[in-house]
Amino acid sequence: MKKDKKSKSVKPKYLILPVLVLLVGITGYFIFYNYIYSSLELTTNKDLVIEYGSGSYNLNKFIKKSNGEVTSIEDNIDTSVVGEQQVNVTLKKFNISKVVSFYVDIVDKVAPVISISSDEITITEGDSYSIFDNINSVIDDVDGELSYLEKNDVVEESNCYYTIDTNFDNSNSGTYDVNITAIDKAYNISTKSFKVIVKEPVITFRQVTYASNAGVNSNSGGIVGTAYSLIGSPYAGGGNSPSGFDCSGFVQYVYAQNGLNISRSSTTQIYDGVGVNYSDAAPGDILVWGYSNGQVTHSALYVGNDQMIHAANYSTGVILSSVSGWTRGSNVQVLYVRRVVS
């Protein structure tokens with residue numbers, strides 16, 4: 001029988017070349033891939049800022065230059081949240097893709113809005129008025145309504161508040177500036193101002209009779225002296241003695257101590273003596289107060305220099321008051337000025 005020929009085996013030396021070619025190819029591919037992948041980069045503009053609450057922005061405008069084609073930009077920006085937010089961009093070259101990122105800053109650059117009712121307020125001296133009545137609201141788009149903070153309570157860390165700077169005084173006539181400053185959490189500042197004009201009161205009066213030549217009350221010095229001596233006496237309804245006076249009882253008592261007889265009530269004292277203009281009022285004259293409709297409410301003794309002495313009420317008793325001040329502090333006025341001469 002013929003012997004089978006032995007099969008020939010491939011010698012190792014013939015495998016070396018293909019393996020080397022494969023290794024070279026794989027190595028070259030990885031070198032190329034890494035080179036391309038690492039080259040996929042972009043540069044951005046310097047100001048990567050979006051205004052809080054903005055509904056219109058273009059992320060492409062933040063990209064200054066890219067090495068590779070921009071195939072997508074992931075837009076997960078929430079402009080209702082202040083702070084940095086990440087933007088992912090996919091770059092592609094030679095079918096090699098890479099995601100690179102940059103950050104945009106959502107910022108609050110809008111100052112609070114201060115709303116007032118009027119740029120100028122006019123009141124009468126002594127009127128009850130609060131400057132807060134002219135402030136409608138102080139609101140920030142991000143932080144909402146700001147709270148009021150006294151200037152003395154402001155510290156370096158304070159924010160999200162408003163203060164008021166003014167020397168407003170409703171008891172003194174003049175023009176007062178009211179300056180409002182509002183600061184939000186991002187330290188955006190807004191200001192608003194208005195004026196309060198405090199006018200001097202006009203003292204009005206009515207006359208039942210008027211004497212162009214009323215004469216001089218020779219007892220005026222004694223009347224004024226007696227009135228001053230009774231300051232501090234208590235008030236008593238229906239009272240007409242130092243143990244307790246009501247307003248008309250006080251006036252009647254003072255006159256009686258100086259030899260002059262007048263009626264007992266404020267409503268009848270408008271007929272005692274003769275009427276004079278308030279501008280001609282002299283110490284010792286009777287001031288009868290009441291409402292603008294003529295209803296009488298009170299009596300007092302004029303002692304000169306815009307001052308009067310009267311039994312005011314239970315809490316104060318007999319006091320010295322400013323006539324103009326009493327006009328400012330109530331809704332009554334001088335209706336009659338009466339002069340009783342001996």
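When you have a sec, figure out the Kirkwood radius of segment 16-107 from all distinct Cα pair distances and drop it here in Å to one decimal?
Numbers: mean 1/r = 0.0654 Å⁻¹.
Answer for segment 16-107: a Kirkwood hydrodynamic radius of 15.3 Å.
Going by average Cβ neighbours within 10 Å, how do the peptides 135-141, 304-310, 286-292, 57-63 rank, with the highest at the top? Spell out each step's value before the answer.
Values: 135-141: 16.3, 304-310: 18.1, 286-292: 20.7, 57-63: 13.9.
Top to bottom by mean Cβ count within 10 Å: 286-292, 304-310, 135-141, 57-63.
Tell me which DSSP H helices of the chain clear both cut-offs, 27 Å or more of axial length from alpha-carbon atoms and a mean Kyte-Doolittle hydropathy of at least -1.0. Could you put the intermediate results ahead of the total?
Details: long enough: 16-39 (34 Å, 1.58).
TM-like helix candidates: 16-39.
Taking a spot 7 Å from the Cα of residue 78 along the direction of its beta carbon, which residues of segment 132-149 have an amide N less than 20 Å from it?
Once the point is set 7 Å along Cα→Cβ of residue 78, 141-144 turn out to lie under 20 Å by backbone N, inside segment 132-149.
Given the peptides 47-55, 89-97, arrange them by the average over their residues of other C-beta atoms within 10 Å, most packed first. Don't jump to the answer; show the numbers that get you there.
Working: 47-55: 13.1, 89-97: 15.3.
Ranking the peptides 47-55, 89-97 by packing returns 89-97, 47-55.
Of 151/185; 109/195; 65/109; 151/199; 151/192, which sit over 21 Å apart, Cα to Cα?
On the way: 151/185 17 Å; 109/195 29 Å; 65/109 28 Å; 151/199 28 Å; 151/192 16 Å.
Over 21 Å apart, Cα to Cα: 109/195; 65/109; 151/199.
Percent relative contact order of segment 220-339, based on C-alpha pairs within less than 8 angstrom and at least six residues apart? Intermediate results must be reported in sequence, preceding the final value.
Values: 261 pairs, mean separation 35.8, N = 120.
Reported as a whole number, the value is 30 percent.
Using only Cα positions of segment 220-339, each an equal point scatterer, no hydration layer, compute I(q)/I(0) via Debye at q = 0.23 Å⁻¹ and quote the log10 values to two decimals.
The computed values of log10 I(q)/I(0) come out as -1.50.
Given C-alpha coordinates of segment 113-199, what is the ratio Rg to Rh with the Kirkwood estimate of Rh?
Numbers: Rg = 13.8 Å, Rh = 13.7 Å.
In segment 113-199, Rg relative to Rh is 1.01.
Provide the per-residue ³J(HN,Hα) series for segment 298-310, in order, calculated from phi with Karplus coefficients 6.51, -1.76, 1.60 and θ = phi - 60°, each as a whole number of Hz, with x at glycine and proline positions.
Using θ = phi - 60°, the values come out as 7, 10, 8, 10, 7, 10, x, 6, 6, 10, 9, 10, 7 Hz.
Under 5 Å between amide hydrogens, which residues at least 5 positions from residue 106 or on another chain qualify, with H placed 1.01 Å from N in the peptide plane?
50, 83, 84, 85
Coordinate-derived values only; no laboratory data. Keep in mind it's a predicted model, so treat the numbers as computed, not measured. FYI the Cβ positions are ideal-geometry reconstructions off the backbone, even for glycines, and counts take in every protein chain you see.
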